Amino acid sequence: MTGGRRWMFWLLWGILAAVGLYALGETVYFTAQEGREGLGLAEMSLNFGLRLIPVVLLTFAFGLFIVVLEEEFELGRMKERVRRLLFWTPRLALLLFALLLSLFALDVFGQGAGFWETLLALLMHLIPTGVLLIVVVLAWRWEWVGTFLLTAWAIAYLVMTSGFPLSVYLMMSGLPFMLGLLFWLNWHYRAEVRLAA
């Protein structure tokens, strides 16, 4: 591999480390803030875990993206373990992301509304989860659809929201974008990846 390409991969690994450390630091910061506001240890631990899941998914997906590119440039093909990871990671991570989003819908039960209002609010909060599950079903077979829809999700979230901490954007926009890139790699190296799956 030429020095220029090796430099590019070191840069990507550096970006990954910076993003992961920043997101982890912000997760710890918000958990500490909750502690100062009187939240109990059990709730703080649960919130920390829920915030940490997308950070881990994002850093793993970004790292896998870099490894795939490195192996393709250095070896001309991916190792079998990497091909299997490339097939399963975006699919399972997207399912986990949908499950995580569905947990946020549970806050409607603490609002003191009546049965029908609570049910309607729950259904409204579960729309993003439903959309992600449809994306999983379509992308499982047609990876390019997952690439397109997840990239559109990431851009739409950035355009339609403002004022959130960076970690929220990394979770709600960065993670879908990175999973979209993994689906693109699935589509681009389809024959090679499907052989190992």
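Residues checked against (1) in contact with a Phe, Trp or Tyr (Cβ under 6 Å, 6 or more places away or on another chain); (2) of a type outside the set (Lys, Arg); (3) without any contact (Cβ under 8 Å) to a residue 24 or more places away in the chain:
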position: 69; (1), (2), (3): no, yes, no
position: 83; (1), (2), (3): no, no, no
position: 101; (1), (2), (3): no, yes, no
position: 105; (1), (2), (3): no, yes, no
position: 127; (1), (2), (3): no, yes, yes
position: 135; (1), (2), (3): no, yes, no
position: 154; (1), (2), (3): yes, yes, no
position: 158; (1), (2), (3): no, yes, yes
Give me the pairs: first residue in the range 164-182 and under 16 Å from residue 95 (Cα atoms), second residue part of a helix (DSSP H, G or I) and of a type in the set (S, T, N, Q), beta-carbon distance under 7 Å, and six or more apart or on different chains, which are they?
177/151; 180/147; 180/151; 182/89
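Out of curiosity, is residue 63 without any contact (Cβ under 8 Å) to a residue 12 or more places away in the chain and under 21 Å from the mean Cα position of the chain (by Cα)? I'd like the intermediate steps shown before the answer.
Working: without any contact (Cβ under 8 Å) to a residue 12 or more places away in the chain: no; under 21 Å from the mean Cα position of the chain (by Cα): yes.
Considered against the rule, which asks whether it is without any contact (Cβ under 8 Å) to a residue 12 or more places away in the chain and under 21 Å from the mean Cα position of the chain (by Cα), residue 63 comes out as no.
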Being touching a residue at least 12 places away in the same chain (Cβ under 8 Å), surrounded by fewer than 18 Cβ atoms within 10 Å (Cβ to Cβ) and among the β-branched types (Val, Ile, Thr) is the requirement here; does residue 56 meet it?
no
Conditions first: (1) in contact (Cβ under 8 Å) with a residue 12 or more places away in the chain; (2) exposed (fewer than 13 other Cβ atoms within 10 Å of the Cβ); (3) not charged (D, E, K, R). Residue 45 passes all but one, so which condition is the exception?
(1)
Residue 187 - would you say it is part of a helix (DSSP H, G or I), within 30 Å of residue 66 (Cβ to Cβ), in contact with an Asp or Glu (Cβ under 6 Å, 6 or more places away or on another chain) and not polar (S, T, N, Q)?
yes
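No value in this document is a laboratory result; all are computed from the given coordinates. All of these numbers come straight from a predicted model, not from anything done at the bench. No Cβ is skipped: glycine too gets one built from the backbone with ideal geometry, and neighbour counts run over all protein chains shown.
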